[in-house]
Amino acid sequence: MLNLPKSDNIKALALDLDGTVLAPGAVLSERTIAAVNKCVQRGLKIIISTGRAIEAAERFRTSLGAEGPMIYYNGAVVAEMPAEFPQGRFLQATLLDTKKAELCVDLSRETGIYCQVYLFIENRIPLLAERDGPEREMYHKHTGILAELVDLKEALGRSGLSGCVKAMFLAEPELLAELRQPLENRLGKSVYIAQTLRTFLEVMDAKVSKGQGLSFAMERLSLKREEIIAFGDEENDVPMFAEAGFSVAPSNAKDTVKAKADLVVGSNAEDGVAAFLEEFFKLRNN
């Protein structure tokens with residue numbers, strides 16, 4: 001029998017966006033907005049935990065009423081929001097070495113699979129790619145961010161770079177699956193490789209994870225693990241489950257993710273997270 005935590009003991013929710021609180025088409029439903037807003041009114045902290053860039057998550061953060069430390073780029077960056085938007089105030093950045101990003105570019109050139117890189121330059125995180133194509137436009141449509149076209153090897157060789165937030169490959173899942181082994185052969189255990197959407201394969205520093213980002217945010221907010229519930233649907237959410245006292249996956253999540261979650265709720269198309277929050281916190285009675 002499932003032992004749910006006591007609702008009065010929960011002080012924070014860690015929310016993945018795509019595939020979890022966002023309905024198909026990256027839409028935030030009115031029901032989800034209302035449920036999360038009621039949680040905020042009760043005093044709960046909302047910690048957005050996403051693979052998205054800060055600016056690509058901002059409209060969702062604003063609608064959900066989330067303020068404080070937020071986890072972006074799968075945990076590579078934790079930023080205080082909404083301070084000094086659009087980039088927020090960086091609290092922590094765990095960066096990929098530019099030489100490792102160059103190896104990703106080499107593999108992209110050899111295979112023809114589209115690659116783009118988020119650089120970390122002082123207080124900016126620009127997105128760069130070296131060829132146009134449907135993948136670049138698809139990412140632009142999904143996030144609102146259009147990669148600047150440059151010679152990536154040249155850009156990564158510039159002096160003064162702190163590092164990269166992440167490198168990304170965009171392709172059909174079958175191609176991404178074939179790419180994982182060559183990536184692991186070249187980069188070994190020095191990187192964290194995660195499929196974050198069906199067509200996104202991301203490469204980050206080995207110390208990066210949503211779990212590491214959540215641990216940092218929890219320490220900053222003086223939260224204990226038993227005081228937080230984490231919600232997610234993809235493999236990059238599993239490290240976050242391990243840090244939280246209780247974890248929830250929507251029914252559309254990967255089977256491996258559902259197996260790691262403490263509870264499986266309705267799909268993102270059914271507002272599964274909102275339905276759980278309404279029942280767990282008895283929000284409909286408010």
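The values are calculated or read from the model by the stated rules, or taken from the named source; none is laboratory data. Being a predicted model, the structure only gives us computed values, none of them experimental. Positions of Cβ are generated from backbone atoms using ideal geometry, with glycine treated the same way; all protein chains shown enter the neighbour counts.
In the set E67, E80, E58, which member is more than 19 Å from G211 (Cβ to Cβ) and within 15 Å of the chain's Cα centre (by Cα)?
Going through E67, E80, E58 in turn, the sole match is E58.
Just give me the residues in region 146-159 being closer than 24 Å to F60 by Cβ and either out of contact with any strand residue (DSSP E or B) (no Cβ under 7 Å at 6 or more places or on another chain) or modelled with pLDDT under 95 (or both), in sequence order.
L146, the sole residue that qualifies.
Got at least one residue in region 232-252 being touching a Phe, Trp or Tyr at 6+ places or on another chain (Cβ under 8 Å) and in a loop (DSSP other than H, G, I, E, B)?
Yes, that holds for at least one residue.
For the condition outside any helix (DSSP H, G or I), at pLDDT below 95 and touching a Leu at 6+ places or on another chain (Cβ under 8 Å), what is the one hit in G25, G51?
The unique qualifying residue is G51.
Scan region 184-223 residue by residue and report those that are under 27 Å from G245 (Cα atoms) and small (G, A, S).
Selection gives A194, A206, S209, G211, G213, S215, A217, S222.
Quick check, is G43 closer than 18 Å to G272 by Cα and in a loop (DSSP other than H, G, I, E, B)?
no
Name the residues in region 28-40 that are within 29 Å of A93 (Cβ to Cβ) and either out of contact with any strand residue (DSSP E or B) (no Cβ under 7 Å at 6 or more places or on another chain) or part of a helix (DSSP H, G or I) (or both), would you?
V36, C39, V40, listed by residue number.
Kindly indicate whether any position in region 275-283 is assigned to a loop (DSSP other than H, G, I, E, B), of a type in the set (D, E, K, R) and more than 21 Å from the chain's Cα centre (by Cα).
Yes, region 275-283 contains a residue that is assigned to a loop (DSSP other than H, G, I, E, B), of a type in the set (D, E, K, R) and more than 21 Å from the chain's Cα centre (by Cα).
Looking for something among the basic types (K, R), under 13 Å from the mean Cα position of the chain (by Cα) and buried (at least 16 other Cβ atoms within 10 Å of the Cβ) - is there at least one such residue anywhere in region 36-47?
Scanning region 36-47, I find no residue that is among the basic types (K, R), under 13 Å from the mean Cα position of the chain (by Cα) and buried (at least 16 other Cβ atoms within 10 Å of the Cβ), so the answer is no.
Mind checking whether some residue in region 188-205 is touching a Ser or Thr at 6+ places or on another chain (Cβ under 7 Å) and farther than 23 Å from H142 by Cβ?
yes
Going by the structure shown, is E122 over 20 Å from the mean Cα position of the chain (by Cα), under 21 Å from E58 (Cβ atoms) and modelled with pLDDT of 95 or more?
Judged against the criteria, E122 is not a match.
For (1) surrounded by fewer than 20 Cβ atoms within 10 Å (Cβ to Cβ); (2) in the same structural domain as S108 (by TED's automatic domain parsing), each residue gets a yes or a no:
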{"position": "P182", "(1), (2)": "yes, yes"}
{"position": "R186", "(1), (2)": "yes, yes"}
{"position": "E227", "(1), (2)": "yes, no"}
{"position": "D237", "(1), (2)": "no, no"}
{"position": "V248", "(1), (2)": "no, no"}
{"position": "A253", "(1), (2)": "no, no"}
{"position": "S267", "(1), (2)": "yes, no"}
{"position": "E278", "(1), (2)": "yes, no"}
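Is it the case that A217 is outside any strand (DSSP E or B) and assigned by TED's automatic domain parsing to the domain that holds A259?
When the stated conditions are applied, A217 passes them.
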